[in-house]
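Structure first, then comments.
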Amino acid sequence: MDEGRVTAVGGPRIIVLLGPPGGGKGTQAKKLAAAFGMKHTSTGELLREEIRRETELGRRVKATIEAGDLVSDRCVGEIVEQQVRRLGENGIILDGYPRNVAQAEFLASITEDIPVEAINIEVEESQIVRRLAGRRFCSRCGNIYNIYFSPPQATGICDNCGTELLRRPDDKEEVIEERLKVYREETRPVIDYYRDFGNYHEVDGNWDADEVYRDICLVVGAFAA
Ligand code: AMP
């Protein structure tokens with residue numbers, strides 16, 4: 001699929017990307033946002049930015065994030081509401097929100113007139129641990145690598161800008177199990193929430209990122225037509 005702008009999506013809409021941590025939501029959201037002229041909103045990234053800037057919110061959520069637990073619905077709800085108010089021409093891709101049914105209900109309450117479509121990137125748990133444990137990122141340009149599947153050319157160094165690669169504190173082995181538990185118990189029920197509303201789509205996320213991207217584009221093309 002062409003990396004450039006593909007098409008508009010027929011007015012502002014919200015695409016919710018669901019799936020387990022490490023399932024590729026961030027990678028796919030970035031590509032989709034660029035191709036469809038949408039904004040990419042990652043609640044995890046926005047929260048990490050608060051931590052980096054050492055804001056009051058950042059200080060409040062740091063320990064929770066590093067333990068692999070969910071921060072309060074109120075904190076993320078405020079962030080998401082601000083983003084929804086600034087939808088832009090083609091809307092936003094929500095990556096990492098909603099993470100439980102209460103958040104899905106809140107999103108519905110603030111998006112009454114805006115079409116919302118959920119795409120679940122389904123990935124087997126056996127794959128996820130290696131994806132998370134192997135993930136490294138560049139703090140300068142944001143490029144993401146995986147030491148097992150897509151390593152940088154020089155160990156620990158970003159191909160793009162030469163900066164040292166880092167590991168997210170919550171990608172450490174001891175936190176991954178907690179994140180998966182939270183996903184199973186809190187986030188998986190969100191799938192049924194959207195399925196019941198009939199705006200649910202699923203793609204197989206076990207393949208490589210380009211193939212998954214092609215499948216997601218087919219889904220987006222179908223509902224945006
Ligand atoms: P992510 O980058 O999406 O994996 O999110 C990293 C962490 O940020 C999560 O493990 C949570 O601690 C927190 N977080 C991100 N999005 C949410 C959300 N919608 N609700 C609660 N916590 C969230």
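Within region 148-160, residues that are outside any strand (DSSP E or B) sit with their Cβ atoms under 7 Å from residues that are surrounded by fewer than 12 Cβ atoms within 10 Å (Cβ to Cβ), at 6+ positions apart or across chains, in these pairs: GLY156/GLU164; ASP159/GLN153. Among the residues of region 105-114, count how many are polar (S, T, N, Q) and surrounded by 14 or more Cβ atoms within 10 Å (Cβ to Cβ). Here the count works out to 1. Which ones in region 115-126 are crowded, with 16+ Cβ neighbours inside 10 Å and over 17 Å from the mean Cα position of the chain (by Cα)? Residue satisfying the conditions is PRO115 alone. Scanning region 159-187 for residues that are under 15 Å from GLY134 (Cα atoms), among the hydrophobic types (A, V, I, L, M, F, W, C) and touching a helix residue (DSSP H, G or I) at 6+ places or on another chain (Cβ under 9 Å), we see that the one that is farthest from the ligand (Cβ to nearest atom) is ILE176. In region 69-79, of all residues being touching a helix residue (DSSP H, G or I) at 6+ places or on another chain (Cβ under 7 Å), modelled with pLDDT of 95 or more and of a type outside the set (Val, Ile, Thr), the one that is nearest to LEU107 (Cα to Cα) corresponds to GLY77.
The values are calculated or read from the model by the stated rules, or taken from the named source; none is laboratory data. Nothing here was measured: the structure is a model prediction, and the numbers come from that model. Methodologically, a virtual Cβ is constructed for each residue, glycine included, from the backbone with ideal geometry; neighbour enumeration extends over all protein chains shown.
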